[in-house]
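*Asks:* So that we are looking at the same thing, I have put the structure below in structure tokens.
The values are calculated or read from the model by the stated rules, or taken from the named source; none is laboratory data. Because the structure is predicted, anything quoted here is derived from the model rather than measured. Cβ placement follows ideal geometry from the backbone for every residue including glycine, while neighbour counts extend to all protein chains displayed. Ligands, DNA and RNA are stripped out before the accessible areas are found, and what is left, the full protein with its side chains, is counted by its heavy atoms. Shrake-Rupley method; radii C 1.70, N 1.55, O 1.52, S 1.80 Å.
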Amino acid sequence: MNTFSRNILSAAVGAIVLVSGGVVYAADTVKIAIVGPITGPVAQYGDMQMIGAQMAVEQINAKGGINGKKLEAVLMDDVCEPKQAVAIANQIINDKIKFVDGHLCSGSTQPASKLYEEEGILMITPAATNPAITQQGYQMVFRTIGTDDQQGPTAGKYIVEKVKPKKLAIIHDKQQYGEGIAKEVKKTVEAAGIKPVLFEGVNKGQTDFSALITKMKKEGVDFVYYGGYHPELGLLLRQSREQGFDAKYMGPEGVGNKDISAIAGPASEGLLVTLPADFSTNPANADLVKAFKDKGQDPSGPFVMPSYSAVQIIADAIQGAKTEDPVKLAAYIHKNSFETPIGKVAFKDNGDLKEFEFVIFEWHADATKTPVK
Amino acid sequence: MSGSPILEFIQQTINGLTLGSIYALIAIGYTMVYGIIGMINFAHGEIYMIGAYVGLLVITALGLFGVDSISLILLITLAISILVTGSYGWVVERLAYRPLRGSPRLVPLISAIGVSIFLQNYVQLGQGARDVSMQPVLAGGWRFGPEDGFQIYLSYMQVLIAVITVVSMTVLTLFISRSRMGRACRACSQDRTMANLLGIDTNRVIALTFVLGAALAAVAGVLVSMYYGLVNPFIGFIAGLKAFTAAVLGGIGSIPGAMLGGVILGLAESFASAYLRTEYKDVVAFVLLIGVLLVRPTGLLGRPDVEKV
């Protein structure tokens, strides 16, 4: 290496040290990491999480921040990959960020939550619904969304009481979230005496479902529950209608996304989806909804308000407990209740919400939804 | 309504053949490159992914211009996609493999993996990491069977896929067996050094191989974006893996072998889903591969050739 390039290199190293040093010392802010899929096949859900969290940060800062400090949102992308989630969690630990709004997918939340618990970082997920996440005996892990053992029975009960299918098939994507909720639905319907004729898993990223569809068509299946996300279900719906297999489909909130209509087109008409109640229609949230709409954002996505609430709970707790120590804050959150856009929330000992309601919606080809009941 | 087992079997065969055609088209690219330079081009799945993106973008653009004749859409899309994807194939060979010619076999392999990662991220940056979807251009099909029972459904798109696959394969086979360039290809495949001594420009032949493989991958890509209507920067990985399996199953280096391997793989997946469980379709496909390789280590139609491993 000659002198010139060595000089350049040392200058560059110096600049990096200066820049990163600047971030660490100059900022007197409370940092919250917002972790979800910013890229990848389910990035649409990440969008909902990000706009909710950013709105909360903005509004809290506009009111003067917390104890005179501004909140700072640090967006991070885990692509909903468990491996990437662990890498991000380590980055958060290294960056000494103490609060996390995330992760989004159950599969990536679970491994990350272990690190947060060990390192004493406060984590509130606005979207991961797999029950196992809060069954690890952790103190630092919360969620502002219901769980699959609430959502599954809601779907299962609807199938048993309203749909009364002659032949039910349950399909899932073999992921923690999809298979987990599919099993909950299976348990509920079996308890009521309906035995699914099929309970099978497809691959994440699979594009051809024709063999499975032919099989369901031959079995005479008239109702399909799908546990998983929208890219696979979208193709499944579209190929089903093409083959002339016209059973009704139902899925969890992971499929309730505008993209399902972009992929499935007219085949998405009539799809049933269990989603958190649409908080954006609650009159108490009118001002907040207006703030979203003024920015051209859509507040009706299922994870927008839970994500907003997650940030708000962290902020309220810091203000209420007058400390930034995550461990003390976790204890405070366990003991108190909070007024948020998703209602008055209080937590169980395991970090789950005491109450959370899932509602069944009927999806339409133009990507709108109407509540059923 | 419970369907007739025979009709179901026919439907599953149709499903499997459609899937198999796509695998076969991609598998050709692996097998041709291997046949000539004895290297596995792990970036081929990404080349196919680029073909699918170009296909989807061109079809969407044509839709905006109001072109609605299906044959016109197909022709223009195929032409543009083959052209663009073929040039990617050429550039990749030129930049990532040619400078490494003559180096130990592992080196171009690593280079190929590098190209694969590069292309994935390149498309991700250029087109976004999200799914891009499109509504079917060619919808509809024929139904056979009893009005009130299980009906076989054969979509126009499935027929189109089969026809285009057969035509592409025939053209390729004719090209390899009849044309001057094809003869040069076969000569290189037998003995590259000797072919070089006899005045064949082997670099040109190798470049041509990459372009031809990429062109067929482009055809597969266009068909996939028309049939499934969903692409993202990651589809190349799984498709590449399956096609590579098909190529090995049929005997890597053999063009008819790649076609056969693709079709067998497609049928195996389809029947495994149908008569076992959907979870087992990949298991069955790979057990089949291992079984065939145990009995015939060179694949179904591969030449016994111990030297190239």
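*Asks:* I'd like the trypsin sites (Lys or Arg not before Pro) in region B:62-145 restricted to DSSP loop residues with at most 16 other Cβ atoms within 10 Å, sorted by number.
*Replies:* Details: sites: B:R94, B:R101, B:R105, B:R130, B:R143; in loops: B:R101, B:R105, B:R130.
Filter output for region B:62-145: B:R101, B:R105.
*Asks:* Right, here's the next one. Could you give the length gained on full extension between A:K344 and A:K322, defined as 0.36 nm per residue of separation minus the Cα-Cα distance, in nm?
*Replies:* Full extension of this stretch gives 5.8 nm more.
*Asks:* By the scheme Lys and Arg +1, Asp and Glu -1, what is the net charge of all other residues having a beta-carbon under 14 Å from that of B:A184? If you can, show how the numbers build up before the last one.
*Replies:* Details: positive: B:R178, B:R180, B:R183, B:R186, B:R192, B:R204; negative: B:D191, B:D201.
Combined, the nearby Lys, Arg, Asp and Glu give +4.
*Asks:* Once both labels are modelled 7 Å past Cα along the beta-carbon direction, what's the B:Q127-B:N196 spacing in nm?
*Replies:* 3.6
*Asks:* Now for a different question. Sequence gap at least 6, Cα distance under 8 Å: using those rules, report the relative contact order of chain A to the nearest whole percent. List each step's numbers first, then the result.
*Replies:* Details: 743 pairs, mean separation 66.0, N = 373.
Once divided by the residue count of chain A, the mean separation gives 18 percent.
*Asks:* Which value, in debye to the nearest 20, describes the size of the charge dipole of the protein assembly as shown about its Cα centre when Lys and Arg Cβ atoms bear +1, Asp and Glu Cβ atoms bear -1, and nothing else is charged?
*Replies:* Working: 57 positive and 57 negative charges, 308 e Å.
Dipole about the Cα centre, nearest 20: 1480 debye.
*Asks:* Here is a further query. Normalised radius of gyration for region A:107-209, please: alpha carbon Rg relative to 2.2 N^0.38 Å, two decimal places.
*Replies:* For region A:107-209, the normalised Cα radius of gyration comes out at 1.25.
*Asks:* Still on this structure, please answer the following. Helix-only estimate, please: 222 nm mean residue ellipticity of chain A, summing -39500 (n - 2.57) across DSSP H runs of length 4 or more and dividing by its residues, to the nearest 500. Show your work: numbers first, answer last.
*Replies:* Numbers: 12 runs with 165 residues, N = 373.
When only DSSP H runs of four or more count, the value is -14000 deg cm²/dmol.
*Asks:* Along the charge dipole of the protein assembly as shown, which of B:G20, A:A43, B:T209 sits closest to the positive end, that is, farthest toward it, with unit charges on the beta carbon of Lys, Arg, Asp and Glu (+1, +1, -1, -1)?
*Replies:* Working it through, the farthest residue towards the positive pole turns out to be B:T209.
*Asks:* Taking the alpha carbon gyration tensor of region B:13-93, what are the square roots of 5 times its eigenvalues, largest first, to the nearest whole Å?
*Replies:* On the way: eigenvalues 141, 62, 17 Å².
In descending order the semi-axes read 27, 18, 9 Å.
*Asks:* Pairs of Cα atoms under 8 Å, at least six residues apart: use those to get the relative contact order of region A:206-303, whole percent. It would help to have the intermediate numbers written out before the result.
*Replies:* Details: 119 pairs, mean separation 23.7, N = 98.
Relative contact order comes out at 24 percent.
*Asks:* Please calculate how many Å² of accessible area the protein assembly as shown carries per residue, with a 1.4 Å probe and no DNA, RNA or ligand atoms counted. Present the calculation step by step, with values, prior to reporting the outcome.
*Replies:* Working: 28290 Å² over 682 residues.
Per-residue accessible area for the protein assembly as shown comes out at 41 Å².
*Asks:* Here's a follow-up. Given only helices, namely DSSP H runs of n ≥ 4 each adding -39500 (n - 2.57), what is the per-residue ellipticity at 222 nm of chain B, to the nearest 500 deg cm²/dmol? Each step should come with its number before you reach the end.
*Replies:* Working: 11 runs with 217 residues, N = 309.
After summing the helix terms and dividing by the residues of chain B, the value is -24000 deg cm²/dmol.
*Asks:* In degrees, nearest 10, range 0 to 90: what is the angle between the Cα axis of helix B:235-250 and the longest Cα principal axis of chain B?
*Replies:* Between helix and principal axis, roughly 70 degrees.
*Asks:* Let me ask something additional. With a 1.4 Å probe on protein heavy atoms only, tell me which residues of region B:231-246 lose at least 20 Å² of accessible surface in the complex relative to the chain by itself.
*Replies:* B:F234, B:I238
*Asks:* Where does the protein assembly as shown land on the Kirkwood hydrodynamic radius, alpha-carbon pairs, in angstrom?
*Replies:* One decimal place: 27.3 Å for the Kirkwood radius.
*Asks:* Where the centre of each part is set by its Cα atoms, how far does region A:38-73 sit from region B:1-55, in angstrom?
*Replies:* Answer, in whole Å: 44.
*Asks:* Considering only protein heavy atoms and a 1.4 Å probe, what is the carbon-and-sulfur percentage of the accessible area of region A:33-188? Please report the intermediate quantities before stating the final value.
*Replies:* Numbers: 2730 of 5420 Å².
After summing per-atom areas, the C and S share lands at 50 percent.
*Asks:* Still on this structure, I have one more. Cα axis of helix B:255-275 to longest principal axis of chain B: angle in degrees, 0 to 90, nearest 10?
*Replies:* Rounded to the nearest ten degrees, it is 30.
*Asks:* Also, quick follow-up: Could you tell me the relative contact order of region B:53-201? Use alpha-carbon pairs under 8 Å, at least six residues apart, and round to a whole percent. Please report the intermediate quantities before stating the final value.
*Replies:* Details: 69 pairs, mean separation 16.9, N = 149.
That works out to 11 percent.
*Asks:* Let me ask you something else. For A:K335 and A:K114, FRET efficiency with R0 = 30 Å and r from the beta-carbon atoms, rounded to 0.05?
*Replies:* Values: r = 24 Å, r/R0 = 0.80.
Approximately 0.80, to the nearest 0.05.
*Asks:* In whole Å, largest first, what are the principal axis extents of the Cα atoms in chain A?
*Replies:* 72, 57, 42
*Asks:* Just want the answer: with Cβ charges of +1 for Lys and Arg and -1 for Asp and Glu, which residue in B:Q127, B:F144, B:I110 is farthest toward the dipole's positive end in region B:92-144?
*Replies:* Projecting each Cα onto the dipole axis, the largest value belongs to B:I110.
*Asks:* For B:T170, project a label point 7 Å along Cα to C-beta. Then give me every residue of region B:214-239 with its amide nitrogen under 19 Å of that point.
*Replies:* Inside the label zone: B:216, B:219-220.
*Asks:* Using a Förster radius of 22 Å, what is the FRET efficiency between B:D68 and B:Y156 based on their Cβ-Cβ separation? Nearest 0.05, please.
*Replies:* Numbers: r = 15 Å, r/R0 = 0.68.
Using R0 = 22 Å, I get an efficiency of 0.90.
*Asks:* Ignoring ligands, DNA and RNA, how much accessible area is buried between chains B and A, both sides summed, with a 1.4 Å probe, to the nearest 100 Å²? Working shown, then result.
*Replies:* Values: alone 15270 and 16120 Å², together 28290 Å².
Interface area, both chains combined: 3100 Å², rounded to the nearest 100.
*Asks:* Treating the beta-carbon of each Lys and Arg as +1 and of each Asp and Glu as -1, no other charges, what is the dipole magnitude of region A:116-272 about its Cα centre, to the nearest 20 debye?
*Replies:* Working: 19 positive and 20 negative charges, 155 e Å.
For region A:116-272, the charge dipole is close to 740 debye.
*Asks:* Mind putting a number on the dipole of region B:188-309 about its Cα centre? Charges go on the C-beta only, +1 for Lys and Arg and -1 for Asp and Glu, and I need it in Debye to the nearest 20.
*Replies:* Values: 8 positive and 7 negative charges, 12 e Å.
Dipole of region B:188-309, to the nearest 20 debye: 60 debye.
*Asks:* Okay, moving on. Quick check: pseudo-label points 7 Å beyond the Cα along Cα→Cβ at A:D287 and B:R180, how many nm apart are they?
*Replies:* 8.2
*Asks:* Contour minus end-to-end for B:L276 and B:L83, with contour as 0.36 nm per residue of separation and end-to-end as the Cα-Cα distance? Before the final figure, lay out each step's value.
*Replies:* Details: separation 193, 0.36 × 193 = 69.48 nm, distance 4.16 nm.
In short, 65.3 nm is gained.
*Asks:* Let me ask something additional. Helix hunt in chain A: which complete DSSP H runs extend at least 27 Å axially by C-alpha with mean Kyte-Doolittle at least 0.5? Before the final figure, lay out the partial values.
*Replies:* Details: long enough: A:3-26 (33 Å, 1.42); A:43-62 (28 Å, -0.02).
TM-like helix candidates: A:3-26.
*Asks:* So if I take the alpha carbon set of region A:192-324, get Rg, then get Rh from the Kirkwood formula, what is the Rg over Rh ratio?
*Replies:* On the Cα set of region A:192-324, Rg over Rh gives 1.12.
*Asks:* Report, to the nearest 10°, how far helix B:106-127 tilts away from the longest principal axis of the Cα atoms in chain B, using its own Cα long axis and a range of 0 to 90°.
*Replies:* 50
*Asks:* Further question on the same structure: Report the antiparallel proportion of the DSSP beta bridges in the protein assembly as shown as a percent, rounded to a multiple of 5. Could the numbers behind the result be given before it?
*Replies:* Numbers: 20 of 51 bridges.
Antiparallel bridges: around 40 percent, rounded to the nearest 5.
*Asks:* After finding the eigenvalues of the alpha carbon gyration tensor for region B:120-238, what semi-axes result from the square roots of 5 times each, listed largest first in whole Å? Before the final figure, lay out the partial values.
*Replies:* Numbers: eigenvalues 291, 106, 17 Å².
For region B:120-238, the semi-axes come out at 38, 23, 9 Å.
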